[in-house]
Amino acid sequence: MTGHADLVAAATVGLAQRAVEIQDLPGPAGAHAHVLAEEPALALLDAAALLDAARRAGGLTPAPLTPPAPALADAAPELPPVPAALLREVLATPDRELLADLLGVASAAGVRLPAPDLPALLALATAHRALRAPVASVLGARGRWLAAQHPEWRRVVDAAAATVPADAWETGFAAERVAWLIEQRRVDPDAARETLAAAWPRENGDDRAGLLGALAEGLAPADEPFLERALDDRRSDVREAARRLLAALPGSAFTARAAARARPVLSTHRGRLTVTRPAAPDAAARRDGLTAAPPQATIGENAWWLFQIVARAPLALWSETLGGDPTTLVAMPLAGEFPAEVRAGWRAAAVRERHREWAAALLTVPVEGPLAMPDARLTELLPPADRVARAVAVLAGDRPGTIADVAACPAPWPAALTDAALGYLGGQARSPAPVAPGELPRLLARRTDLADERDLPGWLRELADRFRIRTAVVPTAGRWAAPLERAADLLDLRRRFARELP
């Protein structure tokens with residue numbers, strides 16, 4: 001018997017044709033024959049597993065290896081058994097957002113992951129960048145030691161420590177090179193830009209847009225010549241990255257060109273805004289990002305040209321040329337054509353500049369049409385308290401809005417928003433024609449403050465029963481039951497996890 005190959009042959013033709021004496025096999029199979037299964041077929045499978053494990057794990061290194069220094073002792077307590085088991089349950093699902101939430105709760109409690117869970121979570125965090133910081137925060141000394149032994153897992157710890165290898169620019173991955181360039185921009189912006197400029201002709205087309213984006217750190221007028229040259233890059237994503245940076249650079253020639261194109265298209269007359277149709281984009285406008293053809297057939301050419309011009313213009317232009325603050329300008333009636341395109345362009349500009357005052361003003365005027373930026377994109381720019389107030393009003397039916405207005409409010413929700421969500425759900429249970437449940441039950445379960453000690457899971461299950469009972473009269477009511485029960489289970493899981501922490 002020579003080992004694994006003979007076991008495969010015996011299994012193929014059958015033990016009746018080719019008998020195997022397990023104790024005669026070399027290696028761990030023969031050495032442990034006395035503890036393998038008594039039934040011959042099962043013993044053969046056990047032996048094959050032992051030999052396969054030995055084949056995978058065994059082997060001589062070409063040179064002696066120096067073992068790494070042992071991990072430091074962990075001062076933080078280990079995650080207790082109950083929340084550890086709950087974390088494993090979530091780990092087995094695709095719900096990465098919930099996993100990050102539980103890891104954050106564990107980190108706030110000052111605990112570390114159990115050692116058996118470290119490999120799976122390090123591997124997952126390597127694949128999902130959003131999980132790197134949450135996982136790194138609960139690794140503990142042993143977890144950081146283990147991550148340092150694996151070239152891929154090391155990224156998790158490096159991301160948390162915000163460290164970049166010293167040789168990243170020459171040998172690193174694309175993301176590491178971008179991180180290195182950002183670090184250099186913090187130290188010496190001009191030298192970092194010149195480093196990028198020197199390497200630019202040799203850079204891979206797939207990497208150039210990301211590298212150019214690093215210039216957002218410490219962006220200054222000295223960067224303008226290099227960014228202007230990037231407007232002529234053969235890659236569209238590089239050209240667009242250059243436009244974003246130039247638009248964020250006050251006083252740039254790019255911003256001046258955008259303002260010059262926009263200035264003639266809007267004027268005021270007797271308290272009303274008047275639109276002048278723009279000409280088709282010329283070569284200079286196309287270089288700055290404007291396109292002649294609309295993205296879809298339902299948008300007219302003039303409407304599309306006007307939208308682009310307004311969207312790319314600096315918002316400060318309108319107060320200078322038209323007079324008035326954002327609230328006054330947005331409320332001003334528009335004479336003639338294209339009122340939706342003007343306000344849609346302003347919305348796009350507000351999101352680009354992340355301008356809170358313009359966002360708040362634009363949210364007071366509904367805009368419809370294929371070019372309109374959704375309200376939720378503007379809501380994200382508001383201060384948290386304003387977002388909550390808007391979401392409460394939407395849930396109470398006091399203003400138009402969607403579930404996106406509620407989703408824009410981060411966890412943990414204040415009591416006013418939780419109560420508004422409960423009130424909305426209760427109202428749907430009483431409604432003769434309840435709408436589709438959407439994401440609200442899950443949002444409530446995910447973002448309710450864990451300090452809220454009310455029996456909300458029980459209330460959600462009771463509400464699910466009420467919807468189920470109403471199905472006989474209102475068939476659409478039945479679709480609420482399952483989402484509400486899932487929300488109750490989710491909130492229960494979050495509370496059980498937090499309750500067992502030290």
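The values are calculated or read from the model by the stated rules, or taken from the named source; none is laboratory data. Because the structure is a prediction, the values reported are computed rather than measured. Because the Cβ atoms are built from the backbone with ideal geometry, glycine has one as well, and the counts that use them run over all protein chains shown. Surface accessibility is based on the protein's heavy atoms, side chains included, excluding ligands, DNA and RNA. Shrake-Rupley method; radii C 1.70, N 1.55, O 1.52, S 1.80 Å.
With axes computed from alpha carbons, what is the tilt in degrees of helix 481-499 against the longest principal axis of the chain, rounded to the nearest 10 within 0 to 90?
Orientation of helix 481-499: about 70 degrees from the principal axis.
Can you tell me which of 37-45, 321-329, 490-498 comes out highest on packing, and rank the rest after it, using the mean Cβ neighbours within 10 Å?
Working: 37-45: 13.3, 321-329: 14.9, 490-498: 18.9.
Put in order of decreasing packing, that is 490-498, 321-329, 37-45.
Shape verdict for region 312-374, please, from the Cα gyration tensor: rounded (a/c under 1.5), prolate (a/b greater than b/c) or oblate.
Values: a/c = 1.44, a/b = 1.11, b/c = 1.30.
Rounded is the answer for region 312-374, as its axis ratio a/c remains below 1.5.
Using only Cα atoms, find the angle between the long axis of helix 236-247 and the longest principal axis of the chain, and express it within 0 to 90 degrees, rounded to the nearest 10.
For helix 236-247, the angle is close to 50 degrees.
Please compute the contact order of the chain in relative form: average sequence separation of alpha-carbon pairs under 8 Å and at least six residues apart, divided by the residue count, as a percent.
Answer for the chain is 8 percent.
Using a 1.4 angstrom probe on the protein heavy atoms only, could you order GLU89, GLU240 from most to least accessible area?
GLU89, GLU240
State the Cα centre-to-centre distance between region 22-43 and region 391-419 in whole Å.
Measuring centre to centre over Cα atoms gives 65 Å.
At HIS34 and ARG486, where each label point lies 7 Å from the Cα along Cα→Cβ, what is the point-to-point distance in nanometres?
Here the modelled spin labels are 5.6 nm apart.
By its C-alpha gyration tensor, with a ≥ b ≥ c as the square roots of the eigenvalues, how is the chain shaped: rounded for a/c under 1.5, else prolate for a/b larger than b/c, else oblate?
The shape class here is oblate.
Whenever you get a sec, line up ILE403, ILE309 from highest to lowest accessible area (probe 1.4 Å, protein heavy atoms).
Details: ILE403 70, ILE309 15 Å².
From most exposed to least exposed: ILE403, ILE309.
So if we plug the beta-carbon distance of LEU72 and ARG244 into 1/(1 + (r/R0)^6) with R0 = 51 Å, what FRET efficiency do we get, rounded to 0.05? Can you show the working numbers first?
Working: r = 44 Å, r/R0 = 0.86.
Computed FRET efficiency for LEU72 and ARG244 comes out at 0.70.
Hey, what angle do you get for helix 81-91 against the long axis of the chain, alpha-carbon based, 0 to 90 degrees rounded to 10?
Taking the Cα atoms of the chain, the angle to 81-91 is about 60 degrees.
For the full complex of protein chains and a 1.4 angstrom probe, list ARG343, ARG234, ARG257 by accessible area with the highest value first.
Working: ARG343 35, ARG234 190, ARG257 65 Å².
Most to least solvent-accessible, the answer reads ARG234, ARG257, ARG343.
How many nm separate the modelled label positions at ALA396 and GLU357, each set 7 Å beyond the Cα in the direction of the Cβ?
A separation of 2.8 nm, rounded to one decimal place.
Out of all DSSP beta bridges in the chain, what portion is antiparallel? Express it as a percent rounded to 5.
On the way: 4 of 8 bridges.
Within the chain, antiparallel bridges account for around 50 percent of the total.
Based on the Cβ-Cβ distance of ALA197 and GLU152, what FRET efficiency does E = 1/(1 + (r/R0)^6) give at R0 = 30 Å, to the nearest 0.05?
Efficiency for this residue pair is about 0.40.
Counting only the heavy atoms of the protein chains, how much of TRP200 is accessible to a 1.4 Å probe, in Å² to the nearest 10?
Its heavy atoms expose roughly 40 Å² to the probe.
Zone of ARG468 (label point 7 Å along Cα→Cβ, backbone N under 13 Å): which residues in region 477-496?
478-486
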